[in-house]
């Protein structure tokens, strides 16, 4: 039994990719901890980093090299100043020297010591190997795998040992949607209440509320920054930020000075039907434009799909229920996190393993289920909404142009958010006598089967689809 907290599914990190940026960053941190535990840290004089598979093929577009430098430097993706990233990286490249974990300076030339290998390791498509030397003598070699959503694993046998050590039993252990639905019936509780009881076995209620507020504040700040930032996204595709102009046309004349006043100002705006779709799209685009600019976002469940959940939650707060507050935000994120964890246990949330269906498809399912509960849906309807959203993303490939999380990734968040809202409405129209023809567990299993059948060039390699059919010079 694998126990996954919602705070594992909803992590705060820096863009543009949870698997290609946050994962390698966390892997570097884990390697440092390993070195300290075995007494090797102070012996290291030089380091070599090998990237394999998808990490290599799209690593530069996903800032994997930046993530490694920042991770090895001891920077924290949750708290570091985003504005300092370029300065830190530029200084390392200029001096060819790294302040290892902010403790000791060692020789490190990124152009030489980070090696992009196009070969794939057998365990996972996102492989990374750290090798530490003492005066040219190899003293540490460790492989890590970034498996999506910022999760990092080592080899299978080591992974099992770690999980057995860290896992804590939940009062309601959940491996499937069917199991979750059964708990809700037996206990006469909503999904959010079941999930909360599990989280309470790990943290106090006060700690849970504090962490959920921190997650929501990060989401809200990200949307706010995205809606108030102009310009061209980095990376060379010359993609212009669109959320700013959309927001300018939608917001009206109401004044505000901070994100919370911003919510009130949108609520005060008379929103017409077509504008609802534009607002949702604007929220989603804003998050992923920040993500594409190495900004701070919440993996939900990944960075590439980070815009769907905050956009749908914001839709509920400013369109559906103007009286909603922290309790609704909390319940939304509890349900969304649990839906995502079920998918991770049964399939994957990594585009390098499953294509974009495993990222946007999963985020849309998470948002659809969470919205359905807030709109008064039963646990059965919540899971039907998640199934509908996931089903209509089956087969979606991951083929980012230039290896950047921009085209088609940013727009896909807007589409995933709209589908989530539609899925919730469809599910709410079904009563308990109308059984879902396709249970959520079955669509998750189908997604995984589809992922295994999908040609590897459509799994975040930039070797197929839009990534090769579009001429970069025309962008």
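Observations on the model:
- Residue 278 being on the phi < 0 side of the Ramachandran plot, modelled with pLDDT of 95 or more and outside any helix (DSSP H, G or I): no
- Test for residue 111: is it buried (at least 20 other Cβ atoms within 10 Å of the Cβ), over 20 Å from the mean Cα position of the chain (by Cα) and either more than 13 Å from residue 23 (Cα to Cα) or not assigned by TED's automatic domain parsing to the domain that holds residue 24 (or both): no
- Helices (runs of 4 or more DSSP H) contained entirely in the stretch 43-145, each with at least 2 residues that are without any contact (Cβ under 8 Å) to a residue 40 or more places away in the chain: 85-95, 110-113
- Taking the numbered list (1) part of a helix (DSSP H, G or I); (2) at pLDDT 95 or above in turn, residue 19 passes all entries but (2).
- Restricting the stretch 446-471 to residues that are touching a helix residue (DSSP H, G or I) at 6+ places or on another chain (Cβ under 6 Å) and in a helix (DSSP H, G or I), the residue that is farthest from residue 393 (Cα to Cα): 467
- Matching residues in the stretch 16-67 - criterion: being within 11 Å of residue 150 (Cα to Cα) and surrounded by 24 or more Cβ atoms within 10 Å (Cβ to Cβ): 17, 18, 19, 20, 21, 22, 23, 24, 25, 27
- Residue that is surrounded by the most Cβ atoms within 10 Å (Cβ to Cβ) [pool: residues in the stretch 263-275 that are in a helix (DSSP H, G or I) and in contact (Cβ under 8 Å) with a residue 40 or more places away in the chain]: 266
- Unique residue being crowded, with 17+ Cβ neighbours inside 10 Å and within 30 Å of residue 273 (Cβ to Cβ) when the list is 411, 425, 387: 387
- The stretch 197-214: number of residues that are under 19 Å from residue 2 (Cα atoms) and touching a helix residue (DSSP H, G or I) at 6+ places or on another chain (Cβ under 6 Å): 1
- A residue that is in contact (Cβ under 8 Å) with a residue 60 or more places away in the chain and part of a helix (DSSP H, G or I) cannot be found anywhere in the stretch 241-251.
- Test: residue in the stretch 207-229 that is outside any helix (DSSP H, G or I), under 25 Å from the mean Cα position of the chain (by Cα) and modelled with pLDDT of 95 or more: yes
The values are calculated or read from the model by the stated rules, or taken from the named source; none is laboratory data. What you see is a predicted model; the values in this text were computed from it and never measured. With ideal geometry, Cβ positions are generated from the backbone for all residues, glycine too; neighbour counts draw on all protein chains shown.
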